[in-house]
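Report on the structure given below.
The values are calculated or read from the model by the stated rules, or taken from the named source; none is laboratory data. Fair warning: this is a prediction, and the values are worked out from it, not measured in the lab. Cβ sites come from the backbone with ideal geometry, for glycine too, and all protein chains shown count toward neighbours.
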Amino acid sequence: MTLDQLIALDAIVASGTFRGAADRMNKAQSAVSHQIKKLEDELGFDLFSRDAYRPRLSPEGEVYYREVTRVLEQVNGLKTVAAGLRSEQEPLVSIAITATMSLDPILNLLGEVGRAFPATHIKLVTEMMGGPLARLMNGEAHLIIAGLDGVPIDEVETRPVGTITIRPVASPAFSAADPSRVKSRREMQAYTQVVVSGTGGNDYEQSRDLLLGGQRWTVSDFQAKKSIITAGLGWGGIPEHLILDELRSGELVPLVIEGHPPRHTEIFAIRRRDHPMGQVMSRIWNALGREAIQDS
């Protein structure tokens, strides 16, 4: 078996057709079919059931493909290591981070990298909702730290770095602020929900926890949202690390709303597979694999 055959197998499964795999690999469909036939002859069993319109993995093929994905993941890792070893120090590394996450856990890391590579300009921006993903896929960010919502998994490499919690809150003076009772969604439609607009554009819209049919104010960032909610003008979900002091002092109180529980989101470091890493990105990427970004 050859690496090209394994790549062809993965491309067929990912695209769903031999034609799609051929387009993806920039090869003739006959060449892809020939590679799979040679692999099947060597293995002694069919990888695909060809009875249906689209090729479907046979029972043996499913087991074999699981092992193939592990091999290809290791190969990609080797390519990344090789790219880092032959690379030079980049003039710019751009990082986009979801605004729901605190910057504190990664500041020490970026400080160390900045001291080790003083010639590299580190550009760090925070983005709302689908903003980080938009920056990554548009080539404006080398690395993002965000959730996996909408992320094309087969095009990226990811590393889990922690979790965040978004908690619905209100001022105790707000008329709906009664943490001892569950509010129905119909009841909450009478109250203003404060939401933050995304920065990813229409292609990367990731608005969550919107109460359909309710009154709504839209702001540009969490600080504005927190100020409006603290003033008693509405309710909404805010990252827990931004409101710990207000929750302790009673300036804000948690709400219990039907269908709107506190949301716990896994956060990942994400980079595109087709973009090789230089020395600085490699240092950041490897360090992030050892970091744990948790709720404060």
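Of all the listed residues (30, 49), the sole one being among the hydroxyl-bearing types (Ser, Thr, Tyr), more than 25 Å from residue 152 (Cα to Cα) and modelled with pLDDT of 90 or more is 30. Within segment 162-181, the set of residues being at pLDDT 90 or above and assigned to a loop (DSSP other than H, G, I, E, B) comprises 171, 172.
Note on segment 212-250: among residues that are out of contact with any strand residue (DSSP E or B) (no Cβ under 8 Å at 6 or more places or on another chain) and among the polar types (S, T, N, Q), the one that is farthest from residue 189 (Cα to Cα) is 249. Restricting segment 215-249 to residues that are part of a strand (DSSP E or B) and among the hydrophobic types (A, V, I, L, M, F, W, C), the residue that is surrounded by the fewest Cβ atoms within 10 Å (Cβ to Cβ) is 217.
For segment 9-43, a tally of residues being among the aliphatic types (A, V, I, L, M) and touching a Leu at 6+ places or on another chain (Cβ under 8 Å) returns 4.
Residues in segment 1-37 that are surrounded by 14 or more Cβ atoms within 10 Å (Cβ to Cβ), part of a helix (DSSP H, G or I) and basic (Lys, Arg): 24 only.
When residue 199 is tested against (1) exposed (fewer than 14 other Cβ atoms within 10 Å of the Cβ); (2) hydroxyl-bearing (Ser, Thr, Tyr); (3) touching a Ser or Thr at 6+ places or on another chain (Cβ under 9 Å), exactly one condition is not met: (1). The residues listed here are 69, 2; of these, the one that is out of contact with any strand residue (DSSP E or B) (no Cβ under 6 Å at 6 or more places or on another chain), among the hydroxyl-bearing types (Ser, Thr, Tyr) and within 17 Å of residue 155 (Cα to Cα) is 69.
Report, by residue number, each residue of segment 142-161 that is crowded, with 17+ Cβ neighbours inside 10 Å and part of a strand (DSSP E or B). Step through it out loud before you land on a result.
Filtering segment 142-161 down to residues crowded, with 17+ Cβ neighbours inside 10 Å leaves 142-147, 151, 156-157, 161.
Of everything in segment 142-161, those that are crowded, with 17+ Cβ neighbours inside 10 Å and part of a strand (DSSP E or B) turn out to be 143, 144, 145, 146, 156, 157, 161.
Output yes when any residue across segment 129-141 is farther than 30 Å from residue 21 by Cα, touching a residue at least 40 places away in the same chain (Cβ under 8 Å) and of a type outside the set (Gly, Ala, Ser), and no when none is. Yes: segment 129-141 contains one or more residues that are farther than 30 Å from residue 21 by Cα, touching a residue at least 40 places away in the same chain (Cβ under 8 Å) and of a type outside the set (Gly, Ala, Ser).
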